[in-house]
Structures are given as C-alpha cells and as structure tokens.
1. So V58 clears everything in (1) in contact with a His (Cβ under 7 Å, 6 or more places away or on another chain); (2) on the phi > 0 side of the Ramachandran plot except one condition, right? Which one?
2. With outside any helix (DSSP H, G or I) and free of Cβ contacts under 8 Å to residues at least 60 places away in the same chain as the only criterion, which of A112, A41, A81 stands out?
3. Contact list please: Cβ distance under 9 Å, first residue in the range 1-17 and at pLDDT 90 or above, second residue not in a loop (DSSP other than H, G, I, E, B), pairs at least six apart or on different chains.
4. Here are some conditions: (1) within 28 Å of N114 (Cα to Cα); (2) modelled with pLDDT of 90 or more. M45 meets all but one. Which one does it not meet?
5. Confirm whether L63 is closer than 19 Å to L19 by Cβ and surrounded by 10 or more Cβ atoms within 10 Å (Cβ to Cβ).
Amino acid sequence: MDPTQRETILSLGAFLQNLEAAAAHLGYACHWQLLADNNQADSVMDVALAKAAGLPAVDIAGLLRRRTVRTGYRNQPLAPADVRALTAGEPGYHFFRRDSPQGQWLDPQTLAANHQQTYRDAAE
C-alpha cells in the first residue's frame with residue numbers, strides 16, 4: 001500500500017513534531033539524529049530528550065484536543081460561508097457539493113480509486 005514509505009515518513013514527521021511540542025511544554029529539548037539514508041531503512045531517527053531551561057513557551061492545548069475521527073461525520077453540506085472561508089485567496093481550489101453533477105461523478109470515482117489501491121497486489 002505504501003511501497004515508497006511516503007505515508008509512513010509523513011506519519012513519523014507528524015509524530016516527531018508533536019513530540020517536540022509536548023517535550024518543550026514539559027521543559028525538555030529534543031535532539032534529533034537522522035539514521036535513515038533511504039526510504040526503506042528500518043531505523044529512521046534517533047531522538048534524545050534533555051531537560052533544558054529557557055525553552056520558548058509552547059501552547060499544547062490544540063495538541064491535546066487533536067483527534068483522528070473516523071466515525072460520526074456530519075452528512076450536511078458545507079455552508080457557502082464556510083466554503084468561502086476555506087478557499088479564500090487560494091487560486092485553483094474548487095469545491096463541488098456532493099449533490100452537484102461534479103460531486104455525483106467524483107463520489108464513485110473516489111471509491112473505485114480507493115478500491116484499486118487497496119487491492120493492488122504490487123503495493124502489498
């Protein structure tokens with residue numbers, strides 16, 4: 001599913017960023033050493049935490065509230081004001097409501113693409 005380890009490396013990067021914020025909040029500095037020399041390496045990063053004074057203040061309130069929600073999505077369309085706020089000043093972004101002709105076309109195409117990726121033997 002991830003032969004180039006792209007998703008794995010992105011996930012590790014997000015974890016390390018969260019670790020650095022949480023550690024700083026508790027008065028620790030993170031020291032990194034990249035171990036991997038390619039995207040297939042078994043060991044990617046060595047991380048050491050050291051108590052440190054004078055670190056910049058880190059607000060981790062957002063980090064503590066962060067969740068990956070996989071259920072309970074609302075089924076109602078985005079309000080036009082929300083669409084404008086999300087795409088304001090961003091050229092090339094388009095929003096297609098689910099009930100629009102474009103949305104009706106994209107929905108089964110997305111499912112088909114996900115199915116193809118999931119069951120692609122070469123990616124396992």
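The values are calculated or read from the model by the stated rules, or taken from the named source; none is laboratory data. Since the model is a prediction, treat every value here as computed from it, not as a measurement. Glycine gets a Cβ as well: all are built from the backbone with ideal geometry, and neighbour counts include every protein chain shown.
1. (2)
2. Values: A112 fails: outside any helix (DSSP H, G or I); A81 fails: outside any helix (DSSP H, G or I).
Going through A112, A41, A81 in turn, just one is outside any helix (DSSP H, G or I) and free of Cβ contacts under 8 Å to residues at least 60 places away in the same chain: A41.
3. L12/M45; L16/C30; L16/W32; L16/M45; L16/V47
4. M45 satisfies all of (1) within 28 Å of N114 (Cα to Cα); (2) modelled with pLDDT of 90 or more except (1).
5. The answer is yes for L63.
Residues checked against (1) surrounded by fewer than 13 Cβ atoms within 10 Å (Cβ to Cβ); (2) within 16 Å of the chain's Cα centre (by Cα); (3) of a type in the set (F, W, Y); (4) in a helix (DSSP H, G or I):
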residue	(1), (2), (3), (4)
G13	yes, yes, no, yes
L16	no, yes, no, yes
L19	no, yes, no, yes
Q33	yes, no, no, no
D46	yes, no, no, no
G54	yes, no, no, no
D59	yes, no, no, no
